[in-house]
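The values are calculated or read from the model by the stated rules, or taken from the named source; none is laboratory data. Keep in mind that this is a model prediction, so the values were computed, not measured. Please note: Cβ atoms are built from the backbone with ideal geometry, for glycine as well, and neighbour counts cover all protein chains shown. When the accessible area is computed, the model is the full protein with side chains, heavy atoms only, and any ligands, DNA or RNA have been set aside. Shrake-Rupley method; radii C 1.70, N 1.55, O 1.52, S 1.80 Å.
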Amino acid sequence: MRLVWSAAPGWTVVSAVMAIGQGLLPLLGLLLLKFIVNDVMKGITAPDKGASFRHILLLIIFAGVVGLVSAALKSLGTLTSQAMGQVVADYVSDIVHSKSIAVDLEYYENSRYYDVLHRAQQEAPTRPMSIVNDLTGLAQSVISLVGMASLLLTLNWIIGVIVIFVVLPGAVVRLRFSAQLYQWQRRRTMADRQSYYFHYLLTDGTKAKELRLFGLGELLRGWYRELRKVLRRERLTITLKRSLADLASGVGAVLAVFGTFLYIAWRTINGVLNVGQMMMYYGALQTALSSMQSLLGGLASLYEDNLFLTYFYEFMTLEPHLQSPPDPKPIPRPMREGVVFKEVTFQYPETARTALDKVSLEIKPGEVAALVGPNGSGKTTLVKLLCRLYDPHEGTITVDGIDIREFDPILLRKSMSVIFQDYSQYQLSARQNIWVGNIDLDQQGAAIEEAARDAGADEVIQGLRRGYDTMLGKWFAEGEELSIGEWQKVALARAFVRDAEILVFDEPTSALDPTSEWKAFEHIRALAKGRAVILISHRFSTVRMADRIHILEHGRIAESGSHDELMELDGRYARMYELQARAYRLDSELE
Ligand code: ADP
């Protein structure tokens, strides 16, 4: 309720007022009905039929007005509930978004947390509104029930008790099955997510190429269908059981209404009640029963919604482990001593292998350090630790002698420029694709185009239909797709535009042609003045130009030194270098 209130206070008040109105009107309607019927009965035998009719006319007009107000409230209720629903859903989505960006990267790399995320994103936007609807329905039922119960009490108190008992079994049924459904959904989140994944593979544009080439479409379609069938069947079994139990409890309610009707008719025949009263009591009985049913039904859905909303709260309780220190130190600017990794050991959560094992290395300002090593040797992990996406288990990483845990992680990341291998291709304009690298800059400023020129992206962008204002990618109107190498140039420009002290390029030039690569590296060299640059690459033509080269193997530093030193050492580096060089020579000989 607090959530709904903070999202839409105005609408909440409106809907409360309307619930009261809608709860009271049926009582007024029934009283009018009693008067009308009795006046009609009297009118049949009255000498002045004109006067009787005028009286009845007034009553009917009044009843008509009540009917109109009731209809108006109903339409207004639908409007309020829809408007409120949208406001609340957007509000909750906004909270989910803010939490999604605040939690650690680790949460996205762990299937258990992904389940929490998936459930919250699925249920959170609709459940709060459903709670509001339950609550307004509940208020309305309570008000109308109190009115009807007071009417019925004047008839016979036992009827009041019957009304309550007859509805209870239905409520119990709802509660039991809500809990079952909730448990089932918790258990099956992973399967549900997997079916979403197949759907994504089948419908996402970036997967379309490989899907067609490998002929995977039908296979994935089959997997999706199978998985959905199992999930559907399991869910249906629960719903079916619930419907049967619902039916059984409904039969009891119907029997009670008609039994009581019999009693009322009996009293009327015996002259204890007049016809107007009979109709009023019968109406009251029916309204009381349906209010009671919606009251208990409402309570049950409230319970259910609350149960499902626990997903949202479960998600909201995820806390980033990587806290900012209470009194963060300022990031040294300009950097004087550089970055030092000292005996850094790290293992990803819930894995057995050590990703980094006592890694020590130093990168001075103005220096380009290259990391080389086979896949999975820990190069990217090292960068992730430097950006404080994870904390090392042992050892320290310092900038100018200060442990990076003593900085505010946001400011630390702001002082770094990193492109990972799986850099993003934003479906935004070319200009925005570069500008997001430094959103403090003016989007129209010269710095954007300058960075594009340095990265070799300017030429590509100038060739597009609308230059820098062309949408990249094919998702939106008039978008233009780039080649992988061209995207990479744009990503490089994004890294260049950032005002950073530490620059990291994780295979930045893997898709570039040799000339572009050469130019890009020239610029990286120029950027390195006063800054620390880490370069990860498999191309020795690039690597050899670094000031210092570190060879990583199984998370350990195997060799370190300049190109010449390592060649002289005649170890792993020299072997790998020779291997590539030989292949090149072979190529040129063949030519
Ligand atoms: P490189 O960049 O050298 O190719 P990485 O640093 O990405 O290698 O990976 C080092 C090791 O850590 C690999 O064995 C890899 O399987 C493991 N690894 C990488 N990312 C994760 C992760 N998010 N969770 C668990 N293990 C991971």
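What percent antiparallel are the DSSP beta bridges of the range 433-581, to the nearest 5?
Around 45 percent antiparallel, to the nearest 5.
Could you pull out the pairs from LYS342/LYS364; LYS209/LYS519; LYS342/LYS529 whose alpha carbons sit more than 26 Å apart here?
Those over the limit are LYS209/LYS519.
First measure r as the distance between the Cβ atoms of THR345 and ILE484, then evaluate 1/(1 + (r/R0)^6) with R0 = 51 Å and state the FRET efficiency to the nearest 0.05.
0.90
Taking only DSSP H segments of four or more residues, each worth -39500 (n - 2.57), what value at 222 nm results for the chain once the sum is divided by all its residues, to the nearest 500 deg cm²/dmol?
-22000 deg cm²/dmol
Taking H as built 1.01 Å from N, whose amide H comes closer than 5 Å to the amide H of VAL504, not counting residues under 5 places away?
Amide H neighbours of VAL504: SER417, VAL418, ILE419, ILE534.
In angstroms, what radius of gyration and Dmax does the range 2-316 have, counting Cα atoms only?
Rg and Dmax of the range 2-316, Cα atoms, are 26.6, 94 Å.
Which value, in Å², gives the accessible area per residue of the chain when a 1.4 Å probe is used on the protein heavy atoms?
For the chain, the solvent-accessible area averages 53 Å² per residue.
So which of LYS207/LYS384; LYS99/LYS379; LYS99/LYS329; LYS99/LYS414 end up more than 22 Å apart by C-alpha?
Violating the 22 Å limit, Cα to Cα: LYS207/LYS384; LYS99/LYS379; LYS99/LYS329.
How far apart, in nm, are two points set 7 Å out from the Cα along the Cα-to-Cβ line at GLU553 and at ASP327?
With each label point 7 Å from Cα toward Cβ, the separation is 4.7 nm.
Answer with one residue from SER15, TRP184, PHE214: the one whose Cα lies farthest towards the positive end of the charge dipole of the chain, charges on Cβ with Lys, Arg +1 and Asp, Glu -1.
The Cα lying farthest towards the positive end belongs to SER15.
At a Förster distance of 56 Å, what's the computed FRET efficiency of ALA265 paired with ARG228, Cβ-Cβ distance as r, to 0.05?
FRET efficiency, ALA265 to ARG228: 0.60.
Which is farthest toward the positive dipole end of the range 425-499 among THR470, ALA455, GLN427, measuring Cα position about the Cα centre, with Cβ charges +1 (Lys, Arg) and -1 (Asp, Glu)?
GLN427
Under a straight-distance cross-link criterion of Cα-Cα below 26 Å, which lysines are reachable from LYS42, leaving out those fewer than 8 residues away in the same chain?
Counting by Cα, and skipping residues close in sequence, LYS42 has these lysines nearby: LYS34.
Indicate, rounded to the nearest 5 percent, the antiparallel portion of the DSSP beta bridges found entirely in the chain.
Taking every DSSP beta bridge with both residues in the chain, the antiparallel ones total about 45 percent.
Enumerate the calculated ³J(HN,Hα) couplings along the range 502-514 in order (Karplus 6.51 cos²θ - 1.76 cosθ + 1.60, θ = phi - 60°), each rounded to whole Hz, writing x wherever the residue is Gly or Pro.
10, 10, 10, 10, 9, 6, x, 10, 4, 9, 8, 6, x
To the nearest 10 degrees, how steep is helix 446-455 against the longest Cα principal axis of the chain, on a 0 to 90 scale?
It works out to around 60 degrees.
Kirkwood Rh, Cα Rg: Rg to Rh for the range 301-396?
A ratio of 1.16.
Compute the FRET efficiency between LEU79 and VAL146 as 1/(1 + (r/R0)^6), taking r as their Cβ-Cβ distance and R0 = 22 Å, and round to the nearest 0.05.
0.25
How far apart, in nm, are the 7 Å Cα→Cβ label points at ALA574 and ASP422?
Reported label-point gap for ALA574 and ASP422 is 3.8 nm.
Where nothing but the Cβ of Lys and Arg (+1) and of Asp and Glu (-1) is charged, how large is the charge dipole of the range 2-316 around its Cα centre, in debye to the nearest 20?
It works out to roughly 780 debye.
For LYS241, which lysines qualify as cross-link partners when the Cα separation must be under 19 Å and same-chain residues fewer than eight apart are set aside?
LYS229
Using a 1.4 angstrom probe on heavy atoms only, work out the carbon and sulfur share of the accessible area of the chain in %.
Whole-percent figure for carbon plus sulfur exposure: 60.
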